[in-house]
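Heads up, the thing below is written out as structure tokens.
The values are calculated or read from the model by the stated rules, or taken from the named source; none is laboratory data. Here the structure is a predicted model, which is why all the values come from computation and not from measurement. A quick note on method: Cβ atoms are made from the backbone with ideal geometry, for glycine too, and the neighbour counts reach across all protein chains shown. Only protein heavy atoms, including side chains, enter the accessible area calculation; ligands, DNA and RNA are left aside. Shrake-Rupley method; radii C 1.70, N 1.55, O 1.52, S 1.80 Å.
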Amino acid sequence: MIVALLTAPAARAFTAHTTRKLSPFLTSSSIATNQQGQHTHLQCSRNSRLFSSSTSSVEQLSSTSVGTPSTPFDDGTGPFEITTPIYYVNDKPHIGHAYTSLACDVIARYMRLSGRDVYFLSGTDEHGQKVETTAKDKGMDPQSFCDEVSQSFRDLLGLLNISNDEFIRTTEGHHKEAVQHFWKELADKGAIYLGSYEGWYSVRDECYYNESELVDGKAPTGAEVTWMKKEDSYFFKLSDYQDELLEYYESHPDFIAPKSRRNEVVSFVKGGLKDLSISRTTFDWGVPVPGDDDHVMYVWLDALTNYMSALGYPNKEEGSNFDKFWPASLHVVGKDILRFHAVYWPAFLLAAGLPLPKRIFAHGWWTKDGEKISKSLGNVIDPVDLINTYGVDPTRFFLMSEVNFGSDGDFSDQKMIYKVNANLSNELGNLNQRIMTLVFKNCNKAVPAEIGALTEEDEALLATAASLRERTGEAISTQSIDKYVQNMVSMVWDANKYIDVQAPWVLKKTDTERMNTVLYVLMEVMRHIAVLYQPLMPTSSNVILDQLGVPEDEREFEHLGKEECKILLGREVGKPKAVFPRFEVPETVKA
């Protein structure tokens, strides 16, 4: 059951935070004084802006610059290609696909709003033995099967409000041509030779495993393995790149993240690399090897090339998308496919003489109610069901805030309901509702036309809001998405504490000028919150910005610190509406 939350007191949500301190006071003040040192009020017409005749301390802390904080792997200003892995079409999308896509979307949106030129890529991986077998089991030809399942992934991205710039499919003609060109480049460099292969292979993982890697007769991922009888195969000289890879990891310590995953990769490579079989002859559903139609390419060589083929590779001319966006700024992958991205992919690129991606980030897995998610347990989480039950933005909020990005996480309906109710309904939604209701009812349905001098408490809260872009930018630039959300939640806490302490509903009876000032400060703080929440909750944030009257062309991050973009005094406001619903915990979930 969903109940709309209106103006119920939010103070109870902040009991635990009553001892929180406001940010340090600023060294300069925008408070106007007369010659006797007495405070005077600031009065503005509807077409003027707050602090237009003075330099405010908020302005000094705000940034109007374009870009994000620089890191050892990103300059903070240049073009930014971010990619999800292309999703394998053996089955319909699950929560893991939604999680990766959402993480990339939050980062991509943040970069765009920071003024960066972004290319956000997603898509589907549609070749391989598993796809061919699954299609046959369903009585379908492989292409028709791929068309159907690929569309389900594309539909999910739409439902989740994912802002990808391109959706690539490995069955597309231009991609096949790019993969064959890449093969020829590797062959011309002497990195490929014809031999024969036999050994353990997982059809589910589309991965070869050494005997020493098997755990209780299965792949490390738990997938079944089968013994491949000896067959002709082309090999990539992976062993030639062991030392070069280790040297690269050493000289680029931020290439693989988080650190625990980097350590796993380094350990794997130090254990010794064997040449990699990169073609098969026992099935047909794949990209033919150039000059040898008896072989189709290993699915991972095919799939990994998508990161370049989507940019128009092999066209590397100046001004091309490849020239502009490659090397990719960030590959985001699940930890189960890190080996392919952090070992095989860079080795292929080194062999071809092409630049390596700047960073590879591997996130963790989700469990449900403490148990591993599997079809056999019947606990698979369908992201479409989450959206239908809780809505898009609450789903986005929960998945991005529940765990440290990079670690494993556990999902339960109870956790989701409690978090959404606490952070969105009780705190953010209720704060916005209280502010806008007080403004609508007590300020003639408009932003206050004039306000008084700012107090130290006002300045402190505004300073905290002004620093929010920098703090969230540092988090996003290192893929600490959960820290980005924590900073946002903390800002809302501070604003709620401020409104409870200042009590504008009391001030309306004793000091209307002070009430106007408090409400204006809160609206300006809420502008920062809503603008910076756009990457995570784009729809809800823009609803709040609409209520605040922020023009659509003033919602990028560079506008946060611009004097002329502050909340316009005297602007009319509409009747406020609840932004976030409140959810009741069903008895079945409580149990």
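A few points about this structure:
- Flag for Glu402 being at pLDDT below 95 and in contact with a Leu (Cβ under 8 Å, 6 or more places away or on another chain): no
- Strands (runs of 3 or more DSSP E) within the stretch 147-262 that include 3 or more residues aromatic (Phe, Trp, Tyr) and over 27 Å from His94 (Cβ atoms): 226-236
- Just one of (1) closer than 26 Å to Ala453 by Cα; (2) open to solvent by 30 Å² or more (accessible area, probe 1.4 Å) fails for Lys577. It is (1).
- Out of Val420, Val384, sole residue that is in contact with a helix residue (DSSP H, G or I) (Cβ under 7 Å, 6 or more places away or on another chain) and surrounded by fewer than 22 Cβ atoms within 10 Å (Cβ to Cβ): Val384
- Within this structure, Pro394 fails the test of being buried (at least 21 other Cβ atoms within 10 Å of the Cβ) and at pLDDT below 95.
- Residue list for the stretch 326-370, restricted to those being among the aromatic types (Phe, Trp, Tyr), at pLDDT 95 or above and within 18 Å of Asp408 (Cβ to Cβ): Phe361
- When the criteria are applied in full, Asp408 meets the requirement of being surrounded by fewer than 17 Cβ atoms within 10 Å (Cβ to Cβ) and under 24 Å from Lys483 (Cβ atoms).
- For the stretch 359-381, a tally of residues being touching an Asp or Glu at 6+ places or on another chain (Cβ under 8 Å), surrounded by fewer than 21 Cβ atoms within 10 Å (Cβ to Cβ) and not in a strand (DSSP E or B) returns 6.
- Which listed residue, of Gln486, Gln502, is under 22 Å from Asp105 (Cα atoms) and open to solvent by 10 Å² or more (accessible area, probe 1.4 Å): Gln486
- Against the numbered list (1) farther than 16 Å from Ser196 by Cα; (2) at pLDDT below 95; (3) buried (at least 16 other Cβ atoms within 10 Å of the Cβ), Glu224 comes up short only at (3).
- Qualifying positions in the stretch 266-282 - in contact (Cβ under 8 Å) with a residue 24 or more places away in the chain, over 16 Å from Ser196 (Cα atoms) and open to solvent by 10 Å² or more (accessible area, probe 1.4 Å): Phe268, Lys270, Gly272, Leu273
- Checking the stretch 336-358 against the condition returns no match, with no residue being more than 22 Å from Asp240 (Cβ to Cβ), surrounded by 23 or more Cβ atoms within 10 Å (Cβ to Cβ) and of a type outside the set (Gly, Ala, Ser).
- Reported count of residues in the stretch 280-296, each being touching a Ser or Thr at 6+ places or on another chain (Cβ under 6 Å) and within 21 Å of Lys136 (Cβ to Cβ), is 2.
- Matching residues, the stretch 153-199, being open to solvent by less than 40 Å² (accessible area, probe 1.4 Å), at pLDDT 95 or above and farther than 21 Å from Leu304 by Cα: Leu156, Leu160, Ile162, Ser163
- For first residues located in the stretch 484-511 and within 19 Å of Glu402 (Cβ to Cβ), partners that are open to solvent by less than 20 Å² (accessible area, probe 1.4 Å) and aromatic (Phe, Trp, Tyr) and lie 6+ apart or on another chain with Cβ distances below 7 Å form the pairs Met488/Tyr533; Trp493/Phe14.
- Which numbered condition Leu548 fails, given (1) open to solvent by 10 Å² or more (accessible area, probe 1.4 Å); (2) under 18 Å from Lys445 (Cα atoms): (1)
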